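Input: a single structure, listed below in structure tokens.
The values are calculated or read from the model by the stated rules, or taken from the named source; none is laboratory data. Treat the numbers as computed from the prediction; the structure is a model and nothing was measured. Cβ atoms come from the backbone with ideal geometry, glycine included; neighbour counts cover every protein chain shown.
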Amino acid sequence: MGTNELGKFCTALLAFGVLAFLTLAGCSGAVPVKPGSASYSLKILLEKNLDSKADYLYLEFLRNDSAFVGAFVIVDHDTIRTKASGRADTSYLYDKWSHGQTVSLKAVDTAKAFVYQTSVIIPDSFGISNVFPNTRIWQPNANPRVEWTASAGATNYFAAIQARGNGSPSRGQSAIAGSTQSYTFTPTAFYNPQNNELVRDVYYIHVVAYAPTMVERPDANYKMPTSPPFPLTVDTKQIAGAVAAAVVSARDTIVVSPSL
């Protein structure tokens, strides 16, 4: 075989190989993707709840916005795996974590695309110190106010008020108070936004101390603020998200009387 014939043969062989690869890829319906090119989302919340007397772990792990089951998170010495939804929501006895405890966290992709390590410090115990009006009975056109003691280790606080009744049509209210130790609600919390009618009920007040950010737990017994968004604490080439620790106060109450 001459030099020209050999060159033509090699060129044809290479073209055949490329065509075969493309054909196989088309038949399988998938194109190989490097693990590191995927987009991962990680959210972890460790919560001590002084109201329900329980500790909670909420975990959400997504890959390309879909449930990511090929990974696990180690919280101190406990290995937590996500369910088919890519989430895990676990409750523990109240003494699972201690106030002021540093908890180590490690997120691991079983395909070895990454290992992400960090830690959070559980804020200290605290509580609501005053509610105005101090009768705990709301007066029309008054602005309910809540004050609380400090929680060492907390970055910020938010205050929340919501009706006791499940499925209540009242608006409720929740807002970030920053590092201050008081917040004044507006009376709109007690009204149905659909018809602007007053919803008479007992309203629960909670304050949440968190650090360094906050993650929403779907089954929480308090109302989360909807804006502004809580900042991300995880931002690498592979993972974006947030890792947070929080302490929830025991609740206080305000009554919107049936006689109003």
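Exactly one residue among SER151, SER170 is surrounded by 17 or more Cβ atoms within 10 Å (Cβ to Cβ), assigned to a loop (DSSP other than H, G, I, E, B), at negative phi and in contact with a Pro (Cβ under 8 Å, 6 or more places away or on another chain), and that residue is SER151. Can you tell me which residues in the range 116-155 are in contact (Cβ under 8 Å) with a residue 60 or more places away in the chain and closer than 17 Å to ASP51 by Cα? Correct list: ILE122, PRO123, ASP124, SER125, PHE126, GLY127, ILE128, VAL131, VAL146, TRP148, SER151. Would you say SER174 is over 12 Å from the mean Cα position of the chain (by Cα), modelled with pLDDT of 95 or more, within 17 Å of LYS48 (Cα to Cα) and polar (S, T, N, Q)? No. Only one entry of LYS237, LYS223 meets the criterion of being loosely packed, with under 13 Cβ neighbours inside 10 Å and among the basic types (Lys, Arg), and that entry is LYS237. Output the residues belonging to the range 79-108 that are under 23 Å from SER39 (Cβ atoms) and more than 20 Å from the chain's Cα centre (by Cα). Hits for the range 79-108: nothing passes.
Kindly indicate whether any position in the range 227-234 is over 30 Å from ASN64 (Cα atoms) and surrounded by fewer than 21 Cβ atoms within 10 Å (Cβ to Cβ). Within the range 227-234, not a single residue is over 30 Å from ASN64 (Cα atoms) and surrounded by fewer than 21 Cβ atoms within 10 Å (Cβ to Cβ).
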